1. Can you tell me which residues in the stretch 315-342 are at pLDDT 80 or above and hydrophobic (A, V, I, L, M, F, W, C)?
2. Name the single residue, out of those in the stretch 242-263 being modelled with pLDDT of 75 or more and open to solvent by 40 Å² or more (accessible area, probe 1.4 Å), that is nearest to TYR407 (Cα to Cα).
3. Name, by its number, the condition in (1) modelled with pLDDT under 85; (2) surrounded by 14 or more Cβ atoms within 10 Å (Cβ to Cβ); (3) within 24 Å of the chain's Cα centre (by Cα) that does not hold for LEU278.
4. Considering only residues that are open to solvent by less than 40 Å² (accessible area, probe 1.4 Å) and charged (D, E, K, R), which ones fall in the stretch 369-410?
5. Have a look at ARG410, ARG390 and point out the one that is assigned to a loop (DSSP other than H, G, I, E, B) and at pLDDT 80 or above.
6. Would you pick out the residues in the stretch 65-86 that are open to solvent by less than 40 Å² (accessible area, probe 1.4 Å), of a type outside the set (Val, Ile, Thr) and either in a helix (DSSP H, G or I) or closer than 14 Å to ASN453 by Cβ (or both)?
7. Give me a count of the residues in the stretch 420-447 that are out of contact with any Ser or Thr (no Cβ under 9 Å at 6 or more places or on another chain), of a type outside the set (Phe, Trp, Tyr) and outside any helix (DSSP H, G or I).
8. May I ask you to say which residue of SER307, SER312, SER286, SER291 is over 23 Å from THR418 (Cβ atoms), open to solvent by less than 70 Å² (accessible area, probe 1.4 Å) and at pLDDT 85 or above?
Amino acid sequence: MNILSSSRFGGVASNRPFLGMERVGGALFRLFESLVDPVSVLATLFGLMLWFRDDQYAHYAVLGVLVFSLTFPGKSLIQETVRGSIREVLISWMGVAALLIFFGLATGLYKHFPEEVLFNWLWMAPAAQLAGHFLFRVTMPAVLAANGFPKRAIVVGCNELGRHLATEIDGHPMQGIKLTGYFDDRDIERLDMGHGRLIGRFSDVADYVKANKIDLIYLALPMATQPRILSLLESLNDTTASVYFVPDIFVTDLIQARMDAVGRMPVVAVCDTPFSGLNGIVKRLSDIVLSLLILILISPVLLVVASLVKLSSPGPIIFKQRRYGLDGEEIMVYKFRSMSVCEDGPNVAQARKGDARVTRIGGILRRTSLDELPQFVNVLQGRMSIVGPRPHAVAHNEMYRKLIKGYMVRHKVKPGITGWAQVNGYRGETETLDKMQARIDYDLEYLRNWSLNLDLYIILRTVLLVFKDASAY
């Protein structure tokens, strides 16, 4: 899945229920698109082998197989912005390169390649990927035309659902779909649309489809109108158009929506965790590896901060507070104590600018997020993740769950040391309900669009922000 949105990376994107529309064209087109990344990387590797006249073909074959397994299938960037494409490619390649370096050092395989090949490959591979994606984007119209695109489509039902679908079609021309218009039985005065897009009534659909060679029909009708839907389907039996039913459940706020099955019975996931199955394994392994590495690197910093806390004011070095974790279960979160008090009761006041409870050393720790470092131990324990919605005190949870719709959905994943809301400006005090609502919106957007690349991007953004973010105190 693309990071957040096909048109932007920053900000809270609108809820995009039509997840199947991320890809363009048919199966053959998607196959070619998925090969752009692995082919570009492998072409660069073997091109450098030929350029430097290295004849260790067997070693390059082994490396090539490993690289292909890590990069296939490639990212779908056909609808991404130029800036977003660059970001996607660089973050993906950083992850692949890190794994290759680890594997090379662990096995000694790197010794079989000239240094000039490896160093040049590290910067040329992402450049080749970007060139491949931009070339693919330029040639895409001809590829679509050769495959019979654009497809002519109509939407049956000019309601909120139908207009939402039409907006997605109009906003993503790379999908190869051209919307002709709507059909609805209501008068034009009752419809929130221009006269030009209303074609006719439901009874006119079949004749219009046959007369105008319509390829795609989207039925955006409420499930309560089942008799009308069945009647429409029967009238369309005499056409060759593809018919899609757009269930009205997709108007709701979806988290990780997808089709699933219980035995042979199809079901639709409306709200689920993104960390089921393989995703959960990937997330946990990345947390363990990164937290161990970070704890080793910051161990001298931990000792210095612990000493400063102990010397600055009486009280424990580590502050423990109850928070809500995965599935709303209470967990104990560790922090370096930054206040003269250790509050963990039914009423806990958020820290404010100039808060008298914050010690002099604590103010520095909070501004630089150094007080959060012990939470990497929470990550190793499995209570938290490096990236996820920030955990709030239990007292705050009990208050906000009654005020903000969908507040508890953020607990479908483990809380994080940093998160999507924090790198977008919602770090520190949320003194108004609007600010907390915005933080929750970002948290839910993270759940909808999680990927390992998004986690890495948030970690990089966090490192850049900790020393210049004035919103934490």
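1. ILE317, ILE318, PHE319, LEU326, ILE331, MET332, VAL333, PHE336
2. VAL262
3. All conditions pass for LEU278, except number (2).
4. First, pick out the residues of the stretch 369-410 that are open to solvent by less than 40 Å² (accessible area, probe 1.4 Å): 369, 371-376, 378-379, 382, 384-397, 400, 404, 406-407, 409-410.
The answer is ASP371, GLU372, ARG390, ARG410.
5. None of the others qualify; the one that does is ARG390.
6. If the condition is that a residue be open to solvent by less than 40 Å² (accessible area, probe 1.4 Å), of a type outside the set (Val, Ile, Thr) and either in a helix (DSSP H, G or I) or closer than 14 Å to ASN453 by Cβ (or both), then GLY74, SER76, LEU77, GLU80, GLY84, SER85 are the ones that fit.
7. 4
8. Being over 23 Å from THR418 (Cβ atoms), open to solvent by less than 70 Å² (accessible area, probe 1.4 Å) and at pLDDT 85 or above holds for just one of SER307, SER312, SER286, SER291, which is SER307.
The values are calculated or read from the model by the stated rules, or taken from the named source; none is laboratory data. This one's a predicted model, so the numbers in the text were calculated from it and none came from an experiment. Virtual Cβ from ideal backbone geometry, glycine too; neighbours counted across all protein chains shown. All accessible areas refer to the heavy atoms of the entire protein, side chains included, with ligands and DNA or RNA removed. Shrake-Rupley method; radii C 1.70, N 1.55, O 1.52, S 1.80 Å.
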